[in-house]
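Following: one structure in structure tokens, then a few remarks.
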Amino acid sequence: MIGVWVSFFIWTVFNALFLISLPKRPQIVARPLVSVLVPLRNEERNVVRLVRSLKQLTYESVEFLLLDDQSTDCTYELLLKETKEDDRFQIWQGKPLPNGWVGKVHACHQLAKQAKGAYLFFIDADVELKPAVIEKLLAVAAAYDAKLVTGFPSFHPSSLPLIGKWLVPLQHFFILFHLPLFLANYTHMRSATAAHGACLFFERAAYEAIGGHASVKSELVEDVMIARKMKEHRYRVILANVGTHVVCYMYETNKEVWEGFLKNVYIGLNRSPFFVVMLTMFYGLFYVAPLVVAPLSFMYGAAYATPLIIVIAQKAYVEWKTERSISTCYWMPISAAAFIALMYASMRAKRYEWKGRTYT
């Protein structure tokens with residue numbers, strides 16, 4: 001039976017071989033204009049850090065378009081203050097949300113219409129970019145002839161509330177464990193697709209050819225859906241290990257964590273009760289149960305603790321591979337239990353609330 005957990009660990013290590021790394025010293029011949037596009041809604045706590053990180057980018061052929069999406073706090077005023085006297089920045093106030101659109105998608109759509117760049121780099125407002133990120137994304141796009149380069153950001157565990165420490169790190173675990181990365185990065189298979197809205201680096205011509213964000217206007221999980229649209233049109237999508245250069249400060253309260261994941265989980269499972277039941281059985285047996293039986297090792301031998309050790313090691317490997325702190329690996333059984341609870345809560349929810357808006 002222990003062989004099952006060992007096989008999970010081996011598969012994760014093998015699968016991670018196909019996660020594309022950003023080059024350490026990118027070689028770029030052309031220097032096309034890149035538009036960095038940021039939708040913001042009630043993001044006053046993130047504005048200063050965001051703008052300062054954008055100002056530190058080393059790529060010179062760049063414009064920054066930031067859209068205040070009907071915020072009710074001081075987001076707009078802070079944007080004006082932090083970007084004054086820097087003509088690379090354009091600050092826009094978003095239009096009211098039309099029927100049939102998701103808020104963030106509509107904001108991204110408005111930004112794209114104003115952008116002039118040959119590449120469109122969509123990021124989230126809670127992101128901090130490292131100075132050379134654009135050069136490295138351009139190098140990946142050129143090396144793989146990719147029309148979309150995306151990836152999951154890293155995060156600071158110390159900045160997360162308790163439930164965040166359980167759930168946020170699972171994003172990388174799911175990618176390296178469940179997503180066949182060879183199929184994701186080297187085929188147009190639609191089902192083998194992952195993406196993160198904190199880092200969507202499009203070639204503009206391909207983005208416009210699929211209809212841009214208007215093609216996924218009603219999708220709550222718009223990042224994955226637009227990546228699938230790219231593949232449907234036979235465009236190359238690369239999932240890269242961007243955590244060293246894209247850092248996300250996700251959530252400040254447990255309530256934010258829960259609501260943020262609640263709106264995505266069941267939809268991400270194609271609203272399938274069957275998937276919920278199967279994942280409950282899988283994670284309950286292989287990731288929660290090891291914590292329950294581990295104390296038996298004090299009476300019946302170390303074999304009862306071995307599954308828990310392998311589970312923690314598997315999670316630690318994922319965190320090491322994605323160049324993040326391994327400090328959350330010990331939470332893995334609790335994370336799995338929280339994920340199970342989250343799936344059922346998301347499945348039972350009749351509506352989802354985010355940023356003051358309600359979706360069904």
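Listed values, structure above:
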item: Matching entry among S61, S53, S7, S35 (being open to solvent by less than 70 Å² (accessible area, probe 1.4 Å) and without any contact (Cβ under 8 Å) to a residue 24 or more places away in the chain); result: S7
item: Considering residues of region 161-198 that are open to solvent by 50 Å² or more (accessible area, probe 1.4 Å) and either part of a loop (DSSP other than H, G, I, E, B) or among the hydroxyl-bearing types (S, T, Y) (or both) only, the residue nearest to S21 (Cα to Cα); result: Y186
item: Region 253-268: number of residues that are in contact with a Ser or Thr (Cβ under 8 Å, 6 or more places away or on another chain) and charged (D, E, K, R); result: 1
item: Selected residue (criterion: modelled with the lowest pLDDT) from residues of region 318-335 that are touching a Leu at 6+ places or on another chain (Cβ under 8 Å) and in a helix (DSSP H, G or I); result: K321
item: Flag for L97 being open to solvent by 10 Å² or more (accessible area, probe 1.4 Å), in a helix (DSSP H, G or I) and touching a strand residue (DSSP E or B) at 6+ places or on another chain (Cβ under 9 Å); result: no
item: Strands (runs of 3 or more DSSP E) (entirely within region 114-154) containing at least 1 residues that are open to solvent by 20 Å² or more (accessible area, probe 1.4 Å) and closer than 12 Å to V62 by Cβ; result: 119-122
item: Residue within region 233-244 that is at pLDDT below 95 and not hydrophobic (A, V, I, L, M, F, W, C) present; result: yes
item: Residues that are farther than 24 Å from W101 by Cα, buried (at least 16 other Cβ atoms within 10 Å of the Cβ) and in contact with a strand residue (DSSP E or B) (Cβ under 8 Å, 6 or more places away or on another chain), drawn from region 323-360; result: R324
item: Which numbered condition K255 fails, given (1) out of contact with any His (no Cβ under 6 Å at 6 or more places or on another chain); (2) more than 13 Å from C199 (Cα to Cα); (3) buried (at least 21 other Cβ atoms within 10 Å of the Cβ); (4) not acidic (D, E); result: (3)
item: Residue that is nearest to F152 (Cα to Cα) [pool: residues in region 109-138 that are touching a strand residue (DSSP E or B) at 6+ places or on another chain (Cβ under 8 Å) and of a type in the set (K, R)]; result: K130
item: Qualifying residue in region 80-91 (condition: assigned to a loop (DSSP other than H, G, I, E, B), under 20 Å from N42 (Cα atoms) and touching a residue at least 24 places away in the same chain (Cβ under 8 Å)); result: no
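The values are calculated or read from the model by the stated rules, or taken from the named source; none is laboratory data. Quantities reported herein were computed from a predicted structural model and do not represent experimental measurements. As a convention, Cβ positions derive from the backbone with ideal geometry for all residues, glycine included, and neighbour counts pool all protein chains shown. Each accessible area value is taken on the protein alone, full model and side chains, heavy atoms only, with ligands, DNA and RNA left out. Shrake-Rupley method; radii C 1.70, N 1.55, O 1.52, S 1.80 Å.
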